[in-house]
Amino acid sequence: MAKKAKLNAKNTVSPEEKINRLKRKIERERKARATAEAVIEEQSRRIHIANEELSRSNTEMELKNEELASTMTKLTSVELQRKATTITLGVAVVLFVISEFAVEPVLEREIANSAALVMSKIAILGLLLPTEIIVSRLLERQVTNVDSINEEMYLNLLLSAYEDGIITDMERTILDSSRRQLGLSKRVAQELEAKLQATT
Amino acid sequence: MKGIVFREFIDMVESTFGEDVSDGIIESSDLPSGGSYTAVGTYSHTELVTLVVALSEAIDVPVPVLVHAFGKYLFGRFHALFPVFFEGHDDSFSFLCTIHDVVHVEVLKLYPDAGLPDFVATMSDDGKTLFFEYHSHRHFSDLAHGLMDGAFEHWKETVDIQITDRSTDDKQVILFTCTKE
């Protein structure tokens, strides 16, 4: 319990008392300032630690993103390669059927010399292989067109970021980081964003 | 309790009763902080109780009256310092309903260690009665009452307040039934 402060009893305050009161006030303000500075220092330290933690998490996230992008590209590539193999096999079967049932009977009818016949068959087989290789390459070219896959991934990220209508500083940092990881140029990223903004 | 409340209390005492009174109550009270308060600091609420009691003894005004008056003063100061919380409110009831879920949430973002009272606000269907329940271990319902009166004065409303004490052994629970006239 505070001691009773006999304050109003004094009608007049001597200059010396006034000076002492002001000195006490200054001292309290000085202490308050020191406390405020200590609080600010403590908060700055916490912010610094939080920033470091955030930066570490961001780096980890970038690595994970990179791994994810790479895995997705590989998966897509494997899927398309499987399709390419199936189509190539189909082409080979068609060519085999044509060769076996359309070309070979004609050759056997027209070429009496058995050596020449064998040579002709080998020649046909020789033609089949490059055809298969060309078809396979054409399909693989589609497979290796990862740019469109990466653009689509970046577009998905943009869609998530724009979900609430605005892009925060944190989202912008993540987008920039993802753009670099996906190997997209700034121009392409800007075009994609402009396209998205136009549609929303 | 956040230092801003102490700063405002000292400022109120200084502006109302003079620097001699404010200096006197600080010097006559045995305060752990020594009466040096900063708005960003956190201090024990018992220091405020000590200061109010000292002021009460110094000017011979009952403690609940002083705490209530401080609440009204504090409302005006909060309005001046944090106008953003008052924007978009046409009346006191609308504002009081946001204290717990909006104002206190924002305060905690800035000061996670702030020990805030709980308020449960319920409006009647016709919008004329507000049931405002104060929950706290600090027993500052008079301060809440003063803040509410400050709000009614700010929006120039005449409101009748009925007080129902629902306190338990360890917690003060006061229901303010506010009816607009």
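The values are calculated or read from the model by the stated rules, or taken from the named source; none is laboratory data. For clarity, every value in this text was computed on a predicted model and none was experimentally measured. A quick note on method: Cβ atoms are made from the backbone with ideal geometry, for glycine too, and the neighbour counts reach across all protein chains shown. Calculation scope for accessible area: heavy atoms of the full protein, side chains included, ligands and nucleic acids excluded. Shrake-Rupley method; radii C 1.70, N 1.55, O 1.52, S 1.80 Å.
Taken over region B:6-45, the residue count meeting the criterion of being open to solvent by less than 50 Å² (accessible area, probe 1.4 Å), part of a helix (DSSP H, G or I) and either facing chain A (nearest Cβ under 7 Å) or more than 23 Å from B:Leu116 (Cα to Cα) (or both) is 9. Evaluate region B:108-116: report whether one residue or more is open to solvent by less than 70 Å² (accessible area, probe 1.4 Å), in contact (Cβ under 8 Å) with a residue 40 or more places away in the chain and over 30 Å from A:Ile40 (Cα atoms). Looking for residues that are open to solvent by less than 70 Å² (accessible area, probe 1.4 Å), in contact (Cβ under 8 Å) with a residue 40 or more places away in the chain and over 30 Å from A:Ile40 (Cα atoms), one finds none in region B:108-116, hence no. Residues in region B:1-57 that are within 15 Å of A:Lys25 (Cβ to Cβ) and of a type in the set (D, E, K, R): 7 in all.
Sub-8 Å Cβ pairs linking a first residue in region B:10-38 that is among the polar types (S, T, N, Q) to a second residue that is in a helix (DSSP H, G or I) and surrounded by fewer than 16 Cβ atoms within 10 Å (Cβ to Cβ), at least 6 apart or interchain, are B:Ser22/B:Glu14; B:Ser36/A:Glu27; B:Ser36/A:Glu29; B:Ser36/A:Arg30; B:Thr38/A:Arg33, ordered by first then second residue. Per the listing A:Thr59, A:Thr71, A:Thr88, the residue uniquely open to solvent by less than 50 Å² (accessible area, probe 1.4 Å), assigned to a helix (DSSP H, G or I) and either among the polar types (S, T, N, Q) or within 30 Å of A:Tyr154 (Cα to Cα) (or both) is A:Thr88.
Residue-by-condition table, conditions (1) open to solvent by 60 Å² or more (accessible area, probe 1.4 Å); (2) at pLDDT 90 or above:
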{"position": "A:Ala2", "(1), (2)": "no, no"}
{"position": "A:Lys10", "(1), (2)": "yes, no"}
{"position": "A:Ile26", "(1), (2)": "yes, yes"}
{"position": "A:Ile49", "(1), (2)": "yes, yes"}
{"position": "A:Glu52", "(1), (2)": "yes, yes"}
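Answer yes or no as to whether A:Arg30 is assigned to a helix (DSSP H, G or I) and facing chain B (nearest Cβ under 10 Å). So A:Arg30 fits the description; yes. Checking the stated criteria, B:His100 turns out to be in contact with a strand residue (DSSP E or B) (Cβ under 8 Å, 6 or more places away or on another chain), in a helix (DSSP H, G or I) and more than 10 Å from chain A (Cβ to nearest Cβ). When only residues in region A:190-200 that are open to solvent by less than 50 Å² (accessible area, probe 1.4 Å) and either modelled with pLDDT under 85 or under 13 Å from A:Glu152 (Cβ atoms) (or both) count, which is nearest to the chain's Cα centre (by Cα)? Among them, the one singled out is A:Leu192. Looking at region B:159-175, can you tell me whether even one residue there is surrounded by fewer than 16 Cβ atoms within 10 Å (Cβ to Cβ), in contact (Cβ under 8 Å) with a residue 40 or more places away in the chain, over 18 Å from the mean Cα position of the chain (by Cα) and more than 18 Å from B:His100 (Cα to Cα)? No - not one qualifying residue is present in region B:159-175. Against the conditions (1) in contact with a helix residue (DSSP H, G or I) (Cβ under 9 Å, 6 or more places away or on another chain); (2) in a loop (DSSP other than H, G, I, E, B); (3) over 26 Å from B:Thr42 (Cβ atoms), B:Arg138 satisfies every one except (3). Here the condition is being outside any helix (DSSP H, G or I) and either among the β-branched types (Val, Ile, Thr) or open to solvent by less than 60 Å² (accessible area, probe 1.4 Å) (or both); of B:Val61, B:Val67, it holds for B:Val61 alone.
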